Amino acid sequence: MSKEDLLVLKKEVETCTRCDLHKTRTNVVFGEGSANARIMLCGEAPGYWEDQKGRPFVGNAGKFLDELLSIAGLKREEVFIANILKCRPPGNREPRPEEIELCTSFLNKQIKIIKPRIICTLGNYATSYILEKYGFKSDSMGKIHGKVFRVSNLSTQLKIIPMYHPATALYKPYMKEVIKRDWKLIKEELK
Ligand code: SF4
């Protein structure tokens, strides 16, 4: 799989009308970054600014994400940032089960093309989806943040690391240090 495969997929997602979110979106947010990224970040869904710009994590949570990436010794262009849903739920409501079911085949294809060594899940929705996809039982973020779940079989060598969503630090500033500590872990895991 190659960069070209990712571009073909992007074109397909940009015209997607599988669920009702296509009616209210301004832009599809496919995700961005390196097609050869060792680490993939997976968030929940585009918010207001992401929908406006068609890019992931460009609001205040995105600024904090940039800080977290630098703690892990990473730059945006070295990772691939995606979401569970590619279109914004109106008013930033939570994703609905049917939307997740319809949209995640795109995320699965992104993972297949990029083949990351680490998937860092940002927030509850991404964590539940990715852990369950690889046969793990999800739990509350308070219990599993910063833990490393290892997938090792003939076709896949992968570490999954659940993280709090960066936006958590915006409405709970006391969580900032907890989140930063978790990101130091990624630096270790990438060695
Ligand atoms: Fe298609 Fe996903 Fe957007 Fe729904 S959220 S319209 S499934 S790209």
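Please state the charge dipole magnitude for the stretch 3-190, taken about the Cα centre, from unit charges on C-beta atoms (+1 on K and R, -1 on D and E), reported in debye and rounded to the nearest 20.
That gives a dipole near 300 debye.
Starting from the Kirkwood Rh over alpha-carbon pairs, what translational D in µm² s⁻¹ does the stretch 85-163 have by Stokes-Einstein at 20 °C and 1.002 mPa s?
For the chosen part, D equals 160 µm²/s.
Report, in deg cm²/dmol and to the nearest 500, the calculated mean residue ellipticity at 222 nm for the chain, where each DSSP H run with n ≥ 4 adds -39500 (n - 2.57) and the sum is divided by the residue count.
My calculation for the chain gives -12500 deg cm²/dmol from helical runs alone.
With every protein chain in place, what's the accessible area of residue 120 (1.4 Å probe, Å², nearest 10)?
0
Of all accessible surface on the chain at a 1.4 Å probe, what whole percent is carbon and sulfur?
Solvent-exposed carbon and sulfur of the chain make up 50 percent of the total.
When only Cα pairs under 8 Å and 6 or more residues apart are kept, what is the percent relative contact order across the chain?
It comes to 24 percent, rounded to a whole number.
Can you list residues whose amide H is under 5 Å from residue 43's amide H, if they're 5+ apart or on another chain and H is modeled 1.01 Å from N?
It is 82, 83, 84, 122, by chain and number.
Tally Lys and Arg at +1 and Asp and Glu at -1 over the other residues with C-beta under 11 Å from the C-beta of residue 64: what net charge comes out?
+1
So how exposed is residue 11, as accessible area in Å² (1.4 Å probe, rounded to 10)?
Its heavy atoms expose roughly 150 Å² to the probe.
Could you provide, to the nearest whole Å², the per residue accessible area of the stretch 93-144 with probe 1.4 Å?
Value returned for the stretch 93-144: 49 Å² of accessible area per residue.
What per residue convex hull volume, in Å³, do the alpha-carbon atoms of the stretch 59-190 yield?
About 119 Å³ per residue, rounded to a whole number.
How would you classify the stretch 30-117 from its alpha-carbon gyration tensor, with a ≥ b ≥ c the square roots of the eigenvalues: rounded for a/c under 1.5, else prolate if a/b is greater than b/c, otherwise oblate?
Judged from the Cα gyration tensor, the stretch 30-117 comes out oblate (a/c at least 1.5, b/c at or above a/b).
The values are calculated or read from the model by the stated rules, or taken from the named source; none is laboratory data. Every value quoted in this text rests on a predicted model; they were computed, and no experiment measured them. Counting neighbours? That spans all protein chains shown, and the Cβs are built from the backbone with ideal geometry, glycine included. Each accessible area value is taken on the protein alone, full model and side chains, heavy atoms only, with ligands, DNA and RNA left out. Shrake-Rupley method; radii C 1.70, N 1.55, O 1.52, S 1.80 Å.
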